[in-house]
Amino acid sequence: QTDSTETSELSRYVTYTPAGFEAAKDKKRVYFFHATWCETCFAANKEFAENLDKIPAEVMLFKTDYDTEKQLKKQYGITYQHTFVYVDKDGKQIKKWSGGAIDDLIANTQ
């Protein structure tokens with residue numbers, strides 16, 4: 001399976017890095033806890049990557065590795081992949097939900 005996450009400056013869907021996350025403080029930031037072995041994550045990843053223009057301009061979605069980002073999982077109480085966490089400018093959780101893709105992202109970040 002190929003990883004088609006766009007990482008350009010213009011993208012609203014990028015691979016999580018601490019620096020990138022910090023740089024997007026003025027946006028509505030959402031972690032997408034993704035696992036390479038998770039079929040529903042793969043489907044959601046494909047939907048996000050193919051529909052970048054449908055992700056609201058003020059939202060930054062960070063594809064966050066479920067298997068390696070153990071500290072973030074602990075911080076937000078993530079117990080399974082395909083979980084999303086919307087956070088404020090200080091990184092405090094605003095909302096958390098499981099499953100879904102673009103429609104859910106839009107609904108949960110309004």
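Tell me the per residue accessible area of the stretch 33-110 using a 1.4 Å probe; a whole number in Å² is fine.
Details: 4170 Å² over 78 residues.
Result: 53 Å² of accessible area for each residue.
Past 24 Å, Cα to Cα, is the threshold; run LYS63/LYS95; LYS46/LYS74; LYS63/LYS92 against it and keep the listed order.
Going by Cα-Cα distance, LYS46/LYS74 fall outside the 24 Å limit.
Please list, in chain and number order, the residues 5+ apart from ILE94 or on another chain whose amide H is under 5 Å from its amide H, with Hs placed from the backbone.
When sequence neighbours closer than 5 places are left aside, the close amide H contacts are TYR86, VAL87, ASP88.
May I ask for the longest run of the chain untouched by chymotrypsin sites (Phe, Trp or Tyr not before Pro) that are loop-located per DSSP and have at most 14 neighbouring C-beta atoms (other than their own) within 10 Å? Working shown, then result.
Numbers: sites that count: TRP37, TYR80.
The segment 38-79 is the longest one with no such site.
Over the Cα atoms of the chain, how large are the radius of gyration and the largest Cα-Cα distance (Dmax), in Å?
12.4, 34
Note down the relative contact order for the chain as a percent, whole number, built from C-alpha pairs under 8 angstrom at least six residues apart.
31
Report the charge-dipole magnitude of the chain in Debye, nearest 20, computed about the Cα centre from +1 at each Lys and Arg Cβ and -1 at each Asp and Glu Cβ.
Computed about the Cα centre, the dipole is about 480 debye.
Which GluC sites (Glu not before Pro) from the stretch 15-58 combine a DSSP loop assignment with at most 16 other Cβ atoms within 10 Å?
Within the stretch 15-58, the qualifying GluC sites (Glu not before Pro) (loop, at most 16 other Cβ atoms within 10 Å) are GLU58.
Rounded to a whole number, what % of the accessible area of the chain do carbon and sulfur atoms account for, probe 1.4 Å?
The computed percentage sits at 51.
Under 5 Å between amide hydrogens, which residues at least 5 positions from GLY100 or on another chain qualify, with H placed 1.01 Å from N in the peptide plane?
none
For the stretch 47-110, state which trypsin sites (Lys or Arg not before Pro) are in a DSSP loop and have at most 13 other beta carbons lying within 10 Å of their beta carbon. Present the calculation step by step, with values, prior to reporting the outcome.
Numbers: sites: LYS54, LYS63, LYS70, LYS73, LYS74, LYS89, LYS92, LYS95, LYS96; in loops: LYS89, LYS92.
Qualifying residues, ordered by number: LYS89, LYS92.
The values are calculated or read from the model by the stated rules, or taken from the named source; none is laboratory data. Keep in mind it's a predicted model, so treat the numbers as computed, not measured. In this analysis, Cβ positions are derived from the backbone assuming ideal geometry, glycine residues included, and neighbour counts consider all displayed protein chains. The protein model used for the area step is the full one, side chains on, heavy atoms only, and it has no ligands, DNA or RNA in it. Shrake-Rupley method; radii C 1.70, N 1.55, O 1.52, S 1.80 Å.
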